[in-house]
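All of the numbers you see were taken from the coordinates with simple rules; none came from a lab. What you are looking at is a predicted structure, and each value in this text was computed from that prediction instead of being measured. For neighbour counting, all protein chains shown are included, and Cβ atoms are generated from backbone atoms with ideal geometry for every residue, glycine included.
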Amino acid sequence: MRSFFTSIILFFIVGICYTQPLTKDANTIFLLNFENTLSGADGEMPLQSRNISYKDGKHGKALSFGPNSWLTYSTLNNINTKEGTIELWCKLD
């Protein structure tokens, strides 16, 4: 189940299309803006990354995935599998 949520988040994020960069608030567990970095808002680093690149985004740079790209983060303390909301913005090329 955790891999499923991680895959959804990571494979469909191509660019950030929001009017301003998201910021972490009291209700946010895990925030990845991908503004020229793979680091999360609380310093989370990926467990694995492969063939990740950046392109121009709505604000600064955005993450870009190719056919052989791979990016995983720990779900421990990052995903609540019992409740919550996953929000993402993407631009499909």
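Enumerate the lysines that LYS55 could reach by cross-link, defined here as Cα to Cα under 19 Å, with residues fewer than 8 away along the same chain left out.
Counting by Cα, and skipping residues close in sequence, LYS55 has these lysines nearby: LYS91.
Once Rh for the range 14-90 is found with the Kirkwood sum over Cα pairs, what is the Stokes-Einstein diffusion coefficient at 37 °C and 0.692 mPa s, in µm²/s?
246 µm²/s
To one decimal place, what orientation-averaged projected area in nm² is obtained for the convex hull of the Cα set of the range 46-93?
4.6 nm²
By a straight-distance test (C-alpha under 13 Å), which aspartates and glutamates pair with LYS58 as possible cross-link partners, with residues fewer than eight away in the same chain excluded?
GLU35
Note down the nm distance, to one decimal, between modelled labels 7 Å out along Cα→Cβ at LEU31 and at THR81.
About 2.6 nm separates the two model spin labels.
Considering amide H positions built from the backbone, and no H for Pro or chain starts, which residues 5 or more places from GLY57, or on another chain, come under 5 Å of its amide H?
ALA62
For the range 47-87, what does the relative contact order come out to in percent, with C-alpha contacts under 8 Å and a separation of six or more?
40 percent
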